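Have a look at the structure below before the remarks.
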Amino acid sequence: MDEFIPIVNYVERYIQLTEDEKEYFVSLLRISRIKKKQYIVQPEFVCKYRSYIISGAMRAYLVDDKGKEHTVVISIEDWWISDFNSYLNQEPATLFVEALEDSVIIQIDFHSEQMLMERIPKFERFFRLITQRSFAFLQKRILSNLSKGAEERYDEFVSKYPAIANRVPQYALASYLGFSTEFLSKIRNRKTKKT
């Protein structure tokens, strides 16, 4: 049970659980150790798991018709990652989900999650709340991409997530912010010269 303490603590930020509910919840989970560059989701396969990161960093991205990668999500410890459209609708994925570092994740499969919500209805509230937060975050990100320049987006990201900005590979961060690695280097060089 000790290895599941982080996810139980996370859940209890939203809902309170009895000891029996905690035991049932963790009985449905599995721990996976993922090597850097390993995929946990690939396009055309149905995403079977919702994944909570215990340690490490991961990204979800798509590859367009020209072979260009577009990072949609970067996640670190205490965050969730998946191809949520594939997972929630149980249809083929459009995203790759890849480890940017060696990572340890806790996963719940779709059918176990459905059983969990049926047996302990307050988990429906939990999953609704984290989905709403994700939706709100995604909307902010889209609005930022539409209304702010590249350097502004970079500054905003670095101020909110300084540890991530220095931790993930430059190509992943540039892709997430919507510009090239070369442009990110130029921004960083300008910032370095100013200080």
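Summary of computed values
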| quantity | calculated |
| --- | --- |
| Alpha carbon Rg of the range 55-96, scaled by the compact-globule rule 2.2 N^0.38 Å | 1.25 |
| For the range 48-117, convex hull volume per residue from C-alpha positions, Å³ | 82 |
| Compactness of the chain - radius of gyration and Dmax, Cα, Å | 17.9, 58 |
| Sequence-distant residues sharing a close amide H with Val41 (under 5 Å, placed H) | Val97 |
| Average projection area in nm² (convex hull over Cα atoms of the range 1-55, one quarter of hull surface) | 4.9 |
| Between the range 100-149 and the range 42-65, the alpha-carbon center distance in angstrom | 13 |
| Highest-MSF residue in the chain out of Ala163, Ala172, Ala150 [GNM, Cα springs under 10 Å] | Ala163 |
| Taking all pairs of distinct alpha-carbon atoms in the range 148-195, Kirkwood radius in angstrom | 10.7 |
| Simple Cβ-charge dipole of the chain, Lys/Arg +1 and Asp/Glu -1, about Cα centre, in debye nearest 20 | 1080 |
| Highest-fluctuation residue, Glu19, Glu44, Glu77 considered, GNM on the chain with Cα pairs under 10 Å | Glu19 |
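Values quoted throughout were computed directly from the atomic coordinates according to the rules given, and no laboratory measurement underlies them. As the structure is a prediction and not an experimental result, all values here were calculated from the model. So basically every Cβ, Gly included, is an ideal-geometry build from the backbone, and we count neighbours across all protein chains shown.
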